[in-house]
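Asks: One structure is given below, represented as structure tokens, and several questions about it will come after.
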Amino acid sequence: MNHDFWKTLHGWLNVAHSNDIQAKKRLLLDLHGQLSDPGLRSDIQRILRLMDRELLARAEWAMYCVMQLR
């Protein structure tokens, strides 16, 4: 996958709703199980890690905001 793809993916992750990220993540997990090409499987694993990182960052930010309100 080229540089523009990764740039676009990062941009989408920044603006996408968490539910949309989780839905795409489920689709990618299903696709990952069907593929045999190691390069493509590696790219999908990288995308999944980026999605997990974004979801975790959002959860941590939400927890921080809640803690600030106490």
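Every read-out reported here was derived from the displayed coordinates using simple, explicitly stated rules and does not represent laboratory data. Values in this document were obtained by computation on a predicted structure and should not be read as measured data. Using ideal geometry, Cβ is built from the backbone for each residue, glycine included, and neighbour counts are taken over all protein chains shown.
Asks: Output yes when any residue across segment 20-39 is touching a residue at least 24 places away in the same chain (Cβ under 8 Å) and basic (Lys, Arg), and no when none is.
Replies: yes
Asks: Counting just the residues of segment 12-40 that are not in a helix (DSSP H, G or I) and not aliphatic (A, V, I, L, M), which one comes out surrounded by the fewest Cβ atoms within 10 Å (Cβ to Cβ)?
Replies: Result: SER36.
Asks: Now, a different point. So for segment 52-66 (the condition being in contact with a Leu (Cβ under 6 Å, 6 or more places away or on another chain) and either surrounded by 12 or more Cβ atoms within 10 Å (Cβ to Cβ) or in contact (Cβ under 8 Å) with a residue 40 or more places away in the chain (or both)), does at least one residue qualify?
Replies: Yes, some residue in segment 52-66 is in contact with a Leu (Cβ under 6 Å, 6 or more places away or on another chain) and either surrounded by 12 or more Cβ atoms within 10 Å (Cβ to Cβ) or in contact (Cβ under 8 Å) with a residue 40 or more places away in the chain (or both).
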